[in-house]
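What follows is a single structure, written as structure tokens, with notes after it.
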Amino acid sequence: MNVDALPRGQPPVFVMMPHSGQRQGHLSGVIDAMADAVKILGVAQFLMAMPCVALGVAAFLYKCHYGYIAAGIWVGAMVLLSGVMGIYAGANKEQCPLSCYHMMSILNILSGTALLTIHTLSVLQELTTCADATKTCPALCLTFNNLLSATGLVFFFLALTAAIVSVSLNTKVAKSKEQVIPLIPYPYGNRPAMRPLPAPNAGATRGDIQLQNLDFNDESFKFL
């Protein structure tokens, strides 16, 4: 902020969001706990995705019912990517990665539902084949499809939980980034400064007033 933009003889006015140091500490603890939950969900998705891809390949190679759709492969790949994003978003605790992970989780809710539906129908087809005495019962395909159906159900609940936790964490992170807003004194009321705050440690002085970014996490800082 250019100090020349301030009227002479009048101190700048600051507005501070009403968070005490205790509340900020509590919010920081909640953010850390939720970030850990996001990382755990990401790891779970990553680990579950690899056997899903393997089962999808097996169902495709054994020419199981609806195996040609390769749902296990593309759903597993999506969940694998989502898991990596979740691990990064939980470690980074920034809004952009969390938003990406949230959107990916919504897509995984849909893909998990698709995997469950496709391979449940495939199981029914395999059971129909097994009930026919003139046909060979595809025991391996039945096993693959049962496992893929169960995996789809797990993916659905993991993605649903991840979507809820990630959007909640995103909201908490945004709340923790509330900043002090400088106002320029005017004769008919204070108006927000149109220019950005200076970088930390690069403040400008006017008389005995130091203008700089304020660390309002510091409990020793007080407005009088």
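Per-structure values
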{"read-out": "Selection from the range 130-145 of residues that are in a helix (DSSP H, G or I) and either free of Cβ contacts under 8 Å to residues at least 24 places away in the same chain or farther than 28 Å from ALA54 by Cα (or both)", "value": "CYS130, ALA131, ALA139, LEU142, THR143"}
{"read-out": "Criterion: modelled with pLDDT of 95 or more and surrounded by fewer than 18 Cβ atoms within 10 Å (Cβ to Cβ) - qualifying residue of MET103, MET85", "value": "MET103"}
{"read-out": "Boolean, THR113 is part of a helix (DSSP H, G or I) and either under 28 Å from the mean Cα position of the chain (by Cα) or closer than 25 Å to SER176 by Cα (or both)", "value": "yes"}
{"read-out": "Among (1) under 12 Å from the mean Cα position of the chain (by Cα); (2) polar (S, T, N, Q); (3) buried (at least 16 other Cβ atoms within 10 Å of the Cβ), the one test that GLN45 misses", "value": "(1)"}
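The values are calculated or read from the model by the stated rules, or taken from the named source; none is laboratory data. Computed from a prediction, not measured in an experiment: that's the story for all the values here. No Cβ is skipped: glycine too gets one built from the backbone with ideal geometry, and neighbour counts run over all protein chains shown.
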